[in-house]
Structure formats: C-alpha cells, structure tokens
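The values are calculated or read from the model by the stated rules, or taken from the named source; none is laboratory data. The shown structure was predicted, so the numbers you read here are calculated from the model rather than taken from an experiment. Note: ideal-geometry Cβ built from the backbone for every residue, glycine included; neighbour counts use all protein chains shown. Areas reflect the complete protein model, heavy atoms only, side chains present, ligands, DNA and RNA absent. Shrake-Rupley method; radii C 1.70, N 1.55, O 1.52, S 1.80 Å.
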Amino acid sequence: MAPQSEYEPVIGLEVHAQLLTRTKLFCGCETSFGDPPNTHTCPVCLGLPGALPVLNAHAVRLATRAALALGCTVQRESIFSRKNYFYPDLPKGYQISQYDKPLALHGELLIESARGRVRIGVLRVHMEEDAGKNLHGMGSESVVDLNRAGTPLVEIVGDPDLRSAAEAGEYLRRLRDILMFVGVNDGNLEQGSFRCDANVSVRRVGTEKLGTRAELKNINSFRFVEEAIDVEIRRQIAILSTGGTFHQQTRGYNSDKKETYLLRDKASEADYRYFPEPDLPPLVIDEAAISEAKRELPELPEAKRERYVTALGLTPYAAGVLTGHPEVARFFEHTLALCNNDAVKVANLVQGEVLRDARLSGLSATFPVSPEQLAGLLQLTTDGTISGKQAKEVYAAMAGTADLPAEIVKNRGMAVIRDEGALETIARGVIAKNEKQAASYRAGKTALLGYFVGQVMKETKG
C-alpha cells in the first residue's frame, strides 16, 4: 500500500448562504425560521400551475454586495435558469438558479495555513432559491416542510485550491466572517443559513490531473466539515493505493462512526437539463448600482484585523478575537472612541470581562455592559480614582444594570484616598490597634508589613 504522503488532496467548497431578506426570492412569503411547518407558502413557492416568479430586488443588492466583498467582477447581465431534478421538497420539479451566466465571476479569499498565506480562488457567485426541508422519522412517515422553499441564497463556488481539511475549515471561517461583516448572512450553521458542500479528490503528488471526486453534503459544523474531509481523503487513498477505482459520488458523513457513506451517484451538469427560465427576463445591473454597492461596503474583517495590529498595537490574537463578530468589533471601537485609554487596555478589558458574559446569536449580540459604562470605568482607573482591583468590583456591580461606574464608586465610598495626612492618621490608628504586631515588626519581623498594608486597605475599603 502506498503511503499517504504520496497523495495530495484537492478540495473545493461550494457554500450556500441565505440572504438576509424579509421575504423569499420570487414571492412575498416571509423567510422567518422556526415557525410552524408550511405556514409561509403561496402558489409561487408551492409550484402551483400558472404562478409566476417576481425577483426580490433587495436579494439582488445583497448578492451583489457579497460578490464585491469577495473581489468578484459583477456581470452587467446574468440569466436565471431552471435546474431540473425530482425531490419531494422541490414541488415545481425544478430549482430556479443561475448556470452559464452567473451574477459574478473570479474573486479570491486569503487564508493563513501551514503553507503560509494562501490565495483561494472564488470561481463564481450566483443566486438561487432554496428547496424545502424533508423531515424523516415522524412516526413511520417522512414529511415535507416548505417554509424554506424559495428562500434566497447565494452559492459561492470556490476553486479547487485547498490542500487540507484544516485549510477548508479556515476558508469557511473567513468566508463566514466576510458575509456577516457586510450584513449579507447571519452565519448560523445550526439553522442551515450557512451550508457547505465539499468536493474532495486525491492525486499523486506531482501530477496535474484531478482525481475522481466525491461531494460531501449536509454537514452542519466547521469541526465536522474538517473531520469528514479527513475521513474521505483517507478512504480514497486506501482505495487507490490498492489499485481500486470509484465513481463520482455524493456522500454523507456519520460523525459517530467517523465515516462517510454513499448517498447517491453524483449527477453531471447535463443530467440537470439546464435551460433559461422563461418566466424571468435577464437580470441587468447598471454600473451606477455596482459603484454604489462598492461605496457602501464596510471595512472587511481582514483589513480590520490588520489595522488593529499595525495602527492600534494589538496582538494578532487579540485582533482575531475582536473581529470574530461584527458586533464585538463595533463594541470595541465604540468604547475606544469614548475614552482616552490606549487600545490595548480597552481590548484587554473587552476580552477578559465583557466577552465572558456576552451572548451572540446570528448578527445580533447582547453585552453585560454598555460602551459608555466600560469607557467610564477605564477612565476612573486611568485618573487614579480607583485601583485595578477595585475596577473588577465596580465592573461586577454595574454588569447587567444601567448604573454608571462613577455613581457606584461614589455610593460605595471607593475613591482612592490621595490625602497623605489622612492616610497617615489611618496608618497610625492601625498601628495603635495592633501593638503586639507592631512590636514584632520593630524587633525584625518585617514580613508583618503585608499584614499592616491589609489592615489599612480594610480601613479604607480597598
């Protein structure tokens, strides 16, 4: 059997990201998640005869924004097509997608890997509608929920430039960050609004020809995507190294057994019998709309991380943590703008205290304190009103409330005493109350100094 090192994995990812619209791609039904089955349906998403699709303009704007954030060239004209296949959750018998004339082409995404900084090509970004959802094991039945049918998606097709499962995981995390920061997708893998199919093949090192690939589907976490790819790589190498062959397949992943399994033989593009959607005209986007979308793009997470390191002096790790969610980055920058502290102190407090109790859900976030409260606390420590130890106590007191730190310090009498005369009076009083310890100190037991410091801090409430 040939060793695994003789083979090179070749991986390309196809990501389906749900666009954050209120209504579906071709009708006015809501896209809300978790509602009772089949409550957000109409003749269009049910595929009833005579129902005609009408394109959602906001979905087009969001898809354009996603494509531009990935460095793609947005096509002035793109075409919707019918992708024909039969499945219970696809009532029309076809999916409206884009094929030979997609929305955008040729972008890239940079990742850090064992190979260094690597450019991963983005082949295309196109729009399509989602299918419904099959629910199995409902007693002895399988049922279909069509609430999701017609939900607007962008499919982001990556070039086969990834060479390990770890690189695939990093690519997905970076892609998810970008889509969240530009407000296109909420990045929720559990609810299925960010889904990935992985095309995996192997070839002998030094050869250019691609091997036979397997498509891994329906994997709902970054960890399981990496696991499934590693398992599939080992499976393919084991077959090829013993002289075996296999067909192009679609496979699932069993995380309990740590194995991939056959779902079906992979259909070719010809099997889908694509043809232009006769009920939709070509999608034409003028240069003015593209230029406006470019101007509206916010600072992307990679650029933000670099700025935090080079301009603000943060460590790469801290910059990564603070750009892990758009609301966390916004909280950090708002706090920094409100106080005169250096960025490192603000970053440390956000990482060490605020994020511990933060609640992140999709694009929204709830924090235990406000930027105004945190900035006020930092200012109290900077000007010496309270000590670092007292700052932790004040933070705990204001977390989950609207109380300002200055009010807490005043009400609790926590301000640092600056009057040397007052401190000397307190110190003399402590010595008078502890004559035995004072005598021992004078006799040479200097370790008792810590005891007296503690007693003074007790008298001054820290």
Can you tell me which residue in segment 263-295 is most open to solvent (accessible area, probe 1.4 Å), limited to those that are among the small types (Gly, Ala, Ser) and under 16 Å from residue 100 (Cβ atoms)? 270
Give, as residue ranges, the strands (runs of 3 or more DSSP E) completely inside segment 19-126 that count at least 2 residues that are under 17 Å from residue 156 (Cβ atoms). 94-98, 104-113
Filter segment 127-139 for residues that are out of contact with any Asp or Glu (no Cβ under 7 Å at 6 or more places or on another chain) and not in a loop (DSSP other than H, G, I, E, B); the one that is nearest to residue 154 (Cα to Cα) is 127
Could you tell me which residue of segment 354-400 is modelled with the lowest pLDDT, considering only residues that are closer than 15 Å to residue 330 by Cβ, open to solvent by less than 40 Å² (accessible area, probe 1.4 Å) and not aliphatic (A, V, I, L, M)? 362
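Any residue in segment 18-28 that is of a type in the set (A, V, I, L, M), under 30 Å from residue 166 (Cβ atoms) and open to solvent by 30 Å² or more (accessible area, probe 1.4 Å)? Even if it seems obvious, please write down each step before you answer.
First, pick out the residues of segment 18-28 that are of a type in the set (A, V, I, L, M): 19-20, 25.
When the remaining residues are screened for being under 30 Å from residue 166 (Cβ atoms), the result is 19-20.
With the extra rule that they be open to solvent by 30 Å² or more (accessible area, probe 1.4 Å), the set shrinks to 20.
Yes: segment 18-28 contains one or more residues that are of a type in the set (A, V, I, L, M), under 30 Å from residue 166 (Cβ atoms) and open to solvent by 30 Å² or more (accessible area, probe 1.4 Å).
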Give the residue, chosen from 13, 46, 70, 110, that is open to solvent by 20 Å² or more (accessible area, probe 1.4 Å), aliphatic (A, V, I, L, M) and under 30 Å from residue 316 (Cβ atoms). 110
Over segment 177-206, the set of residues part of a loop (DSSP other than H, G, I, E, B), among the aliphatic types (A, V, I, L, M) and more than 13 Å from the chain's Cα centre (by Cα) is 205
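Identify, please: which residue in segment 401-415 is assigned to a loop (DSSP other than H, G, I, E, B) and closer than 22 Å to residue 457 by Cα and is, among those, least open to solvent (accessible area, probe 1.4 Å)? Please lay out each step first, then the result.
Start the filter on segment 401-415 by keeping residues that are assigned to a loop (DSSP other than H, G, I, E, B), which leaves 401-404, 413-415.
Still in the running and closer than 22 Å to residue 457 by Cα: 413-415.
Numbers: 413: 45, 414: 6, 415: 51 Å².
That would be 414.
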Residue list for segment 165-199, filter: farther than 22 Å from residue 126 by Cβ and in contact with a strand residue (DSSP E or B) (Cβ under 6 Å, 6 or more places away or on another chain): 167, 170
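Looking at 139, 183, can you tell me which residue is surrounded by fewer than 23 Cβ atoms within 10 Å (Cβ to Cβ) and touching a Leu at 6+ places or on another chain (Cβ under 8 Å)? Steps first, answer last, please.
Values: 139 fails: touching a Leu at 6+ places or on another chain (Cβ under 8 Å).
None of the other options fit; the residue is 183.
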Spot the failing condition for residue 156; the list is (1) aliphatic (A, V, I, L, M); (2) crowded, with 18+ Cβ neighbours inside 10 Å; (3) not in a strand (DSSP E or B), and only one is missed. (3)
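What are the residues in segment 288-311 that are assigned to a helix (DSSP H, G or I) and under 19 Å from residue 62 (Cβ atoms), if any?
Within segment 288-311, 288, 289, 290, 291, 292, 293, 294, 295, 296, 301 qualify.
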Within the set of pairs 6+ apart or on separate chains, which have a first residue in segment 222-251 that is open to solvent by less than 70 Å² (accessible area, probe 1.4 Å), a second that is in a loop (DSSP other than H, G, I, E, B) and among the aromatic types (Phe, Trp, Tyr), and C-beta atoms under 8 Å apart? 236/246; 239/246
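Give segment 73-83 a look and list any residue that's open to solvent by 20 Å² or more (accessible area, probe 1.4 Å) and farther than 16 Å from residue 287 by Cβ, or say none.
Going through segment 73-83, the residues open to solvent by 20 Å² or more (accessible area, probe 1.4 Å) turn out to be 73, 75-77, 79, 82-83.
Correct list: 79, 82, 83.
Does residue 115 fit the bill of being more than 30 Å from residue 51 (Cα to Cα) and touching a residue at least 24 places away in the same chain (Cβ under 8 Å)? Give the derivation first.
On the way: more than 30 Å from residue 51 (Cα to Cα): yes; touching a residue at least 24 places away in the same chain (Cβ under 8 Å): yes.
When the stated conditions are applied, residue 115 passes them.
Does residue 325 meet the test of being in contact (Cβ under 8 Å) with a residue 24 or more places away in the chain, closer than 30 Å to residue 173 by Cβ and touching a strand residue (DSSP E or B) at 6+ places or on another chain (Cβ under 7 Å)? Quick ask: steps written out before the conclusion?
Numbers: in contact (Cβ under 8 Å) with a residue 24 or more places away in the chain: yes; closer than 30 Å to residue 173 by Cβ: yes; touching a strand residue (DSSP E or B) at 6+ places or on another chain (Cβ under 7 Å): yes.
Yes.
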Out of all the residues in segment 62-76, is one or more under 22 Å from residue 264 (Cβ atoms) and in contact (Cβ under 8 Å) with a residue 40 or more places away in the chain? no
